[in-house]
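Here's the structure, in C-alpha cells; my notes come after.
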Amino acid sequence: MTRIILASASPRRKELLSQTHLQFIVIKPQINEQDLHLEKSEPAEYAKKAALAKARDVAKRYPDALVIGADTVVDFNGRTIGKPLDAKDAERITRLLFSAPHKVITALAVVRIRDGIEVVEADTTIIFPKKLSQKDIAEHINTGSWRDKAGAYAIRQPADPFIERIEGSLTNVMGLPMEMLEQLLKRFTH
C-alpha cells in the first residue's frame with residue numbers, strides 16, 4: 001500500500017483530503033516561501049514552484065512516500081495576490097479583488113523520490129464577486145477570517161455572501177482541487 005503524505009499546514013486541505021477513502025498523514029513543510037524568490041513569477045508558475053518546493057521538502061525526509069504539495073494564489077489581471085501581511089493589507093486586497101472577476105489558481109505537486117516521480121499541475125477557477133459595501137469590507141476585516149488566506153478570503157459553502165458565481169472547481173478555490181488530485185493519484189497509487 002502506498003504511503004501518502006499531505007505536505008501542508010492548511011486545516012482546509014486536510015479536511016478536503018479526509019473526505020476521500022485515502023489513508024494519509026500530514027507533515028508541515030519546513031520552507032519559507034520568501035526564500036523561493038517567486039515575486040516575479042507569473043501566478044500559475046508561482047503556485048507550481050511553491051507547491052513543488054513544499055512536496056520536495058517533505059519527500060526528502062520520506063523518499064518512499066507519495067507526497068502531495070499544494071499552493072494557492074489569486075491572479076488579478078496577471079498579478080499574483082498571496083496572503084495578506086496584516087489587516088490593512090487584507091483590506092487593500094479585498095477592495096481590489098471584489099472590484100472585478102479574478103482567478104484562483106491552485107497547483108498540486110506529487111513527488112515520490114524512490115521512483116523519480118515529480119509531477120506538477122495547476123487548476124484555475126474564475127471568481128465573479130459581488131459588489132461589497134464599505135460595511136461588508138469592514139465586517140470581513142474585523143472577523144479575521146482573511147488571515148493566512150490567499151486573496152484575503154476563504155470561500156464559504158453552500159452560498160458565499162461575497163461571491164456571485166464561480167466557473168470551475170469549488171475545491172480548487174478551497175485550496176485542494178479534488179478532481180485533479182484524484183486523477184494524479186490514480187496514476188501513482190495501486
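Kindly establish whether residue 94 is in contact with a helix residue (DSSP H, G or I) (Cβ under 6 Å, 6 or more places away or on another chain), β-branched (Val, Ile, Thr), over 21 Å from residue 23 (Cα atoms) and modelled with pLDDT under 95. Yes, satisfied. Taken over the range 131-190, the criterion of being hydrophobic (A, V, I, L, M, F, W, C), part of a loop (DSSP other than H, G, I, E, B), surrounded by 15 or more Cβ atoms within 10 Å (Cβ to Cβ) and under 21 Å from the mean Cα position of the chain (by Cα) is satisfied by 146, 154, 155, 162, 174, 176.
Can residue 107 be described as closer than 20 Å to residue 44 by Cα and touching a residue at least 12 places away in the same chain (Cβ under 8 Å)? Judged against the criteria, residue 107 is a match. In the range 1-100, counting only helices (runs of 4 or more DSSP H) that sit wholly within it, the ones holding 1 or more residues that are under 22 Å from residue 140 (Cβ atoms) span 11-18, 87-97.
Conditions (1) under 21 Å from residue 124 (Cβ atoms); (2) surrounded by fewer than 16 Cβ atoms within 10 Å (Cβ to Cβ), marked per residue:
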residue: 37; (1), (2): no, yes
residue: 63; (1), (2): no, yes
residue: 66; (1), (2): no, no
residue: 74; (1), (2): yes, no
residue: 78; (1), (2): yes, yes
residue: 88; (1), (2): no, yes
residue: 97; (1), (2): yes, no
residue: 111; (1), (2): no, no
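The numbered conditions (1) in contact (Cβ under 8 Å) with a residue 12 or more places away in the chain; (2) out of contact with any Gly (no Cβ under 9 Å at 6 or more places or on another chain); (3) of a type outside the set (D, E, K, R) are all true for residue 85 except (1).
Do the conditions hold for residue 35, that is, is it among the acidic types (Asp, Glu) and either touching a residue at least 40 places away in the same chain (Cβ under 8 Å) or within 30 Å of residue 165 (Cα to Cα) (or both)? Spelling it out, it is not the case that residue 35 is among the acidic types (Asp, Glu) and either touching a residue at least 40 places away in the same chain (Cβ under 8 Å) or within 30 Å of residue 165 (Cα to Cα) (or both). When the range 71-104 is limited to residues that are under 12 Å from residue 46 (Cα atoms) and of a type in the set (Val, Ile, Thr), the one that is nearest to the chain's Cα centre (by Cα) turns out to be 72. Looking only at residues in the range 173-186 that are modelled with pLDDT under 95 and in contact with a strand residue (DSSP E or B) (Cβ under 7 Å, 6 or more places away or on another chain), the one that is nearest to residue 19 (Cα to Cα) is 175.
The values are calculated or read from the model by the stated rules, or taken from the named source; none is laboratory data. For clarity, every value in this text was computed on a predicted model and none was experimentally measured. Note that we place each Cβ from the backbone using ideal geometry, even for glycine, and neighbour counts take in every protein chain shown.
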